[in-house]
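Here you go, one structure.
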Amino acid sequence: MSEVSKKALAGPAVLIIAALALTGCSGPGDDGEVTLELQSAMAEDSPRFQSLSALAAAYEDENPGVTIDVVPLAQDYEGDMKVRMASGDLPDIWATHGWSLLRYSEFLEPLQERAWAENLNPVLDATMRNDAGEFFALPLTTDVAGILYNQTVLDDHGIDPASLGTIDAFDDALEKLAEAGIVPISASGKDSWFAGNVADWLASGSFDEGESDRLAGGEFVDSGFEAMYSTLADWADEGYFNPDFSAATSDDIATALGQGTTAFVMIQNSLALSARQFVPEAELGFLPVPAINGDPEYLIGGEGVALGAWRDGEHKQQALDFLDFLAETENIGAFAGEDGNPAGLTGVDVDLGELSDSYEQFFAPGDVRMVPYFDRAYLPNGMWNTLITTTSGVVTGQASVDDAVAQVEADFGTLFGQQ
């Protein structure tokens, strides 16, 4: 959201404008037809948005009189949704981006009584169910992520993805690639969620379990942040990040990964599908994240793409019916395949394409530990933006490690006190 320079006068106006910017046509028309507003939190040109839009069109064909307005990602989705929660004007359906329980549950219709509910992937229970067993969004995917890589690049330089389970081995690979003229890691300060994901990917390997629990309890622990930002600063000093970090878009990074001008990207697997759109012959995979503190390597997982229905919405029953449609085996399987992840419901076969080998190697055996997204599990609401700005600052050299840690500590104290 834009900063408010004249707090007394501009504040209410900004809130009203932001609310109107996301509001869709969810009321019935003169002819009795209904339009459901679905805030997708997906980029309009992404495979997942196109898949969801196709499913919405198929539902419309089966249900004359109902239109699904699938709205693409806005510039500040989280900020806009906070405004809409405060104003009591919410979409009929919206993407919960990992926060169906902790942030949105009081506004969402519980779904544990739906016919498909018994098939909720049990690995999602910890992050999606409350103590009463309720959950509040249909998980179209179970998010499983690691570090995306270009297989051809690694093969050409004699690097086995399975050998990169320690931070020392990963650092050696980065050095080898840089010396060969390959950009080791690409990220983006412009499409800012990339920078946030770099921090989220590395933070779980910078704190041990006890330190993470202390963070969750409101006690700031600086050691893990110092280790993480020091690693980022070292990588930046060595030239391991893409030179166009500040200007690169998600499409630029997807293209670079597909073409093999970069080797590694710390982002969800859906980027691999975008890379294949730009470079169909690209051979891609993902590997576990090496822990900075020397702990075992890990994958990141939890609630993936999930949609919930506004419990006070005028068209709640139509919204729930659309969620039931998406939960049908064929439909959820088709979407999950376009997202590059397993389905959020069990018993669904998903064609994971180029990433199948990585799933079979690292995920399916269950030997590699799974950790949640760090900010969702251990940091107060609002720290995502802090991770973005501090990571970008360290990578670009505009902030020192001490600056970044001090900013995280200040925001942690402020935001935890507001919970």
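The values are calculated or read from the model by the stated rules, or taken from the named source; none is laboratory data. All figures in this text were calculated on a predicted structure; none of them were measured in a lab. A quick note on method: Cβ atoms are made from the backbone with ideal geometry, for glycine too, and the neighbour counts reach across all protein chains shown. Heavy atoms of the whole protein, side chains included, go into the accessibility calculation; ligands, DNA and RNA do not. Shrake-Rupley method; radii C 1.70, N 1.55, O 1.52, S 1.80 Å.
What do you reckon, how do HIS315, HIS97 stack up by accessible area (1.4 Å probe), largest on top?
HIS97, HIS315
Roughly how far apart, in whole Å, are the Cα centres of segment 393-410 and segment 159-187?
Each part reduced to its Cα centre gives a spacing of 24 Å.
In the chain, what percentage of the DSSP-assigned beta bridges are antiparallel, given to the nearest 5?
55
Now for a different question. So, in nm, how far is label ALA126 from label ALA74 when the simple model puts each one 7 Å beyond its Cα toward the Cβ?
Once both label points are built, they end up 3.3 nm from each other.
Let me ask you something else. Gaussian network model of the chain, Cα springs within a sub-10 Å range: biggest mean-square fluctuation belongs to which of GLU109, GLU118, GLU226?
Comparing GLU109, GLU118, GLU226 in the GNM, the peak value goes to GLU118.
Separate question: Rounded to two decimals, what is the ratio between the C-alpha radius of gyration of segment 332-419 and 2.2 N^0.38 Å?
1.54
Solvent-accessible area of ASP324, probe 1.4 Å, all protein chains present, reported in Å² to the nearest ten, please.
Number for this one is 40 Å².
So, one more: Relative to the compact globular guide of 2.2 N^0.38 Å, what is the alpha carbon radius of gyration of the chain, as a ratio?
Values: Rg = 21.3 Å, N = 419, 2.2 N^0.38 = 21.8 Å.
Against the empirical 2.2 N^0.38 Å value, I get 0.98 for the chain.
Separate question: Extension gain THR261-ASP367, at 0.36 nm per residue separation less the Cα-Cα distance, in nm?
Additional length available on full extension: 35.0 nm.
What value, in deg cm²/dmol to 500, does the helix sum -39500 (n - 2.57) over DSSP H runs of n ≥ 4 give at 222 nm once divided by the residues of the chain?
Result for the chain, helices only: -13000 deg cm²/dmol.
Please identify, among PRO365, PRO122, PRO139, the residue showing maximal mean-square fluctuation in a Gaussian network model of the chain using a 10 angstrom Cα cutoff.
PRO365
In addition: Can you tell me which aspartates and glutamates have their Cα less than 14 Å from the Cα of LYS176? Leave out same-chain residues fewer than eight positions away.
Within the straight-line limit of under 14 Å, LYS176 reaches these aspartates and glutamates: ASP155, ASP156, ASP160, ASP168, GLU238.
Shifting gears a bit: Which percent of the accessible heavy-atom area of the chain goes to carbon and sulfur, probe 1.4 angstrom?
Taking all protein chains in place, the chain shows 47 percent carbon and sulfur surface.
Over the chain, average the accessible area per residue using a 1.4 Å probe and give it in Å², no decimals.
On the way: 17530 Å² over 419 residues.
Per residue, the chain has 42 Å² of solvent-accessible surface.
Also, I was wondering about something else. Obtain the nm distance between the two label points defined at GLN112 and LYS316 by a simple spin-label model: each point lies 7 Å from its Cα along the Cα-to-C-beta direction.
Reported label-point gap for GLN112 and LYS316 is 1.7 nm.
Okay, next question. Just by accessible area at a 1.4 angstrom probe, what is the order of TRP94, TRP99 from largest to smallest? Walk me through the numbers before you get to the answer.
Working: TRP94 0, TRP99 20 Å².
The ranking, largest first, comes out as TRP99, TRP94.
Let me ask something additional. Run the dipole for the chain about the Cα centre, Lys and Arg Cβ at +1, Asp and Glu Cβ at -1, nothing else charged, and hand back the magnitude in debye, nearest 20.
960
While we're on this one: If you stretched the chain out fully between GLU226 and ASP160, how much longer would it get, using 0.36 nm times the residue separation minus the C-alpha to C-alpha distance? Write out the running numbers ahead of the final one.
Numbers: separation 66, 0.36 × 66 = 23.76 nm, distance 2.93 nm.
Going from the current span to full extension adds 20.8 nm.
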